[in-house]
1. Which condition number does ASN93 fail, the rest of (1) under 17 Å from ARG311 (Cα atoms); (2) crowded, with 18+ Cβ neighbours inside 10 Å being met?
2. Looking at segment 131-178, which of its residues are assigned to a loop (DSSP other than H, G, I, E, B), away from the ligand (no atom under 12 Å from the Cβ) and at negative phi?
3. Look at LYS114 and say whether it is at pLDDT below 95 and surrounded by 13 or more Cβ atoms within 10 Å (Cβ to Cβ).
4. (1) in contact with a strand residue (DSSP E or B) (Cβ under 9 Å, 6 or more places away or on another chain); (2) not in a helix (DSSP H, G or I): which one isn't true of HIS89, the others all being true?
5. Which residue, of THR67, THR79, is surrounded by 19 or more Cβ atoms within 10 Å (Cβ to Cβ) and out of contact with any strand residue (DSSP E or B) (no Cβ under 7 Å at 6 or more places or on another chain)?
6. Within segment 18-30, does at least one residue satisfy the condition of being farther than 18 Å from PRO145 by Cα and more than 9 Å from the ligand (Cβ to nearest atom)?
7. If GLN28 passes every condition in (1) of a type outside the set (Ser, Thr, Tyr); (2) part of a helix (DSSP H, G or I); (3) over 18 Å from the mean Cα position of the chain (by Cα) but one, which one does it miss?
8. Taking the condition of being in contact (Cβ under 8 Å) with a residue 12 or more places away in the chain, over 30 Å from PHE172 (Cβ atoms) and among the charged types (D, E, K, R), how many residues in segment 290-333 meet it?
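The values are calculated or read from the model by the stated rules, or taken from the named source; none is laboratory data. All values reported here derive from a predicted model rather than from experimental measurement. Every residue, glycine as well, gets a Cβ built from its backbone with ideal geometry; the counts of neighbours run over all protein chains shown.
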Amino acid sequence: PRKVFSGIQPTGSLHLGNYLGAVRKWLQMQEQNSSDSITICIVDMHSITMPHNPPMLRDNIFTMAATLLACGIDPAKCTLFVQSAVLEHSELNWILSSLTTMPRLAQLPQFKEKSRQVRDVPLGLYVYPVLQAADIMLYKATHVPVGIDQLQHIQLAQHLARNFNGRYGELFPVCTPVIEQDDGSRVLSLRDVSKKMSKSDPNPKGTINLADSPEQIKEKIKKAVTDFTSDISYDPNTRPGVSNLVNIHAHVTNSSIATVVEEAKTLDTGRYKERVADAVIEHLRPIREQIDRHMANRKELSYMLEMGADRARQVAQQTMLEVKQRLGLGTYC
Ligand code: TYM
């Protein structure tokens, strides 16, 4: 049986990129094999590595939990919890930080990109991927379903697991990233196809949030950048804008790229955008309703997350006992 772990930042509401790149995979895994253990973490400690607003962070944690439930994450089948509730994440982060080097962290693309956005780079931003490795390793995860943008971070986790095992004896599995082969693993911004769809996109019109109203979705897709060719074809290299829409369309209708392109044969991009918008709205409608339902009851959400944290803590504490023993920390006899 696999031990699956993944995380998501509560930076803003869940968007179509997160959904198609990661959350759908989690749902598939949840339904596939009941002997797998699946742990999903709302990584609030990662979200403080960039300047943030505390009341907003707290709201976003609840919104994220409500949204994940609305998508179909089932707390009876998965352990869903908030990172800061399990202290061992920080503890293992510290231990792992002595097992990698500064040059290795400095060359990671996400660090390079984010550090450009602030004048003085916080240490937390630098250590970010080590904390991510701690997340994965605490649960001895074997499989980590993510979008392609996380690949280098997962590779760092592999490196840390190997390094730990090499120095202190075999303890951690070297995890496998589970990344969609098709383009679901990289949904692009609707406004700038050189970027992935992202919560931190300065242009919010490039990102479709799961909680967006039908009008907002229509508007955003209508204004999505395409090119000067009016028919519909799929070629991410030469026609990234249209291909991004085709990709989204195929995913939300559960069809293949070829089918979607074939069915759009008679449409120009303007009409096609309407069709894509309708399909996205249809797909997201029940999710949006469920988000509202879950948001109406914060107490229940909070209780559910506490239960998740209790379960996560048991695994994390056991791992930390083993880690400390291996390192000669503390006074265990
Ligand atoms: P985050 O919160 O940025 O994104 C959550 C998941 O969504 C995927 N994703 C995308 N996939 C396709 N197209 C996009 N435009 C797109 N944008 C985001 C991400 O690849 C990710 O799978 N560092 C992580 C959170 C994290 C984590 C972990 C993940 C912390 N600890 C341990 C896995 C394991 C992050 O910032 O993801």
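1. Only one criterion is unmet by ASN93, namely (1).
2. Scanning segment 131-178 gives THR142, GLU170, LEU171, PHE172, PRO173, VAL174.
3. Considered against the rule, which asks whether it is at pLDDT below 95 and surrounded by 13 or more Cβ atoms within 10 Å (Cβ to Cβ), LYS114 comes out as yes.
4. (2) is the only condition that HIS89 fails.
5. THR67
6. no
7. Condition (3) is where GLN28 drops out.
8. Number satisfying all stated conditions: 2.
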